[in-house]
1. Would you calculate a helix-derived [θ] at 222 nm for the chain, using -39,500 (n - 2.57) for each DSSP H run of n ≥ 4 and dividing by the full residue count, to the nearest 500?
2. What's the angle, to the nearest 10 degrees (0 to 90), between helix 5-18's Cα axis and the longest principal axis of the chain?
3. Just grab the label-to-label distance for residue 66 and residue 16, each label 7 Å out from Cα along the Cβ direction, in nm (one decimal).
4. So what is the relative contact order of the chain, in percent, for Cα pairs below 8 Å that sit 6 or more residues apart?
5. Kindly express, to the nearest 10 degrees and within the range 0 to 90, the angle between helix 162-196's C-alpha long axis and the longest C-alpha principal axis of the chain.
6. At residue 167 and residue 129, where each label point lies 7 Å from the Cα along Cα→Cβ, what is the point-to-point distance in nanometres?
7. Give me the percent of Cα-Cα pairs in the stretch 115-196 that sit more than 22 Å apart, rounded to a whole number.
8. May I ask you to work out the translational diffusion coefficient for the chain at 10 °C, viscosity 1.306 mPa s, via Stokes-Einstein with Rh from the Kirkwood sum over Cα pairs, reported in whole µm²/s?
């Protein structure tokens with residue numbers, strides 16, 4: 001397609017004054033008249049600049065596409081990491097909840113064990129105190145019976161024995177005092193332990 005002289009002059013003036021060249025597909029259809037070297041040279045320069053501009057645009061487009069691919073890959077990686085982080089946080093919360101539950105159960109178990117131990121100690125103390133009281137009462141009763149029998153024997157036989165009489169009365173006083181002392185001591189220890197707790 002050939003252009004008129006006015007259009008050629010306008011295009012050449014644009015190049016000289018403002019350095020603006022034609023670009024695009026129109027260059028494929030434009031032809032210079034035979035012998036018009038100036039316009040042919042203009043079209044060759046336009047085609048060369050257009051080809052260079054297209055190559056630059058293509059390079060930029062490829063760079064942008066590569067960068068977009070990288071950004072998409074990075075975004076997917078970030079999304080994946082965020083999901084993993086979210087899962088890890090949820091697992092940590094669950095683990096903390098489980099640990100808290102185990103601590104509470106351990107605390108309950110400890111309290112129960114302490115309670116059972118105290119109950120066993122009290123039971124053992126009561127049994128020991130009961131045994132001590134029984135043995136003390138049997139000893140007191142045995143000594144009292146033996147002394148009474150000896151004293152009764154001396155009375156029946158008619159032999160006076162002042163040592164046995166004073167021993168009998170002293171022994172009953174001592175036994176009575178000691179029995180109350182033992183029982184008082186046991187009760188005092190029991191009362192003191194209850195106050196300590």
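1. Theoretical 222 nm ellipticity from helices: -33000 deg cm²/dmol.
2. 50
3. The answer from the label model is 4.4 nm.
4. Reported as a whole number, the value is 12 percent.
5. The answer is roughly 10 degrees.
6. Using points 7 Å along Cα→Cβ, the separation is 3.6 nm.
7. When all Cα pairs of the stretch 115-196 are counted, 45 percent exceed 22 Å.
8. The estimated diffusion coefficient comes to 53 µm²/s.
A short reminder: the numbers here are calculations on the coordinates, not readings from a lab. Everything quoted here is computed from the prediction, not taken from an experiment. When we count neighbours, we look across all protein chains shown, and the Cβ atoms used for this are built from the backbone with ideal geometry, even at glycine.
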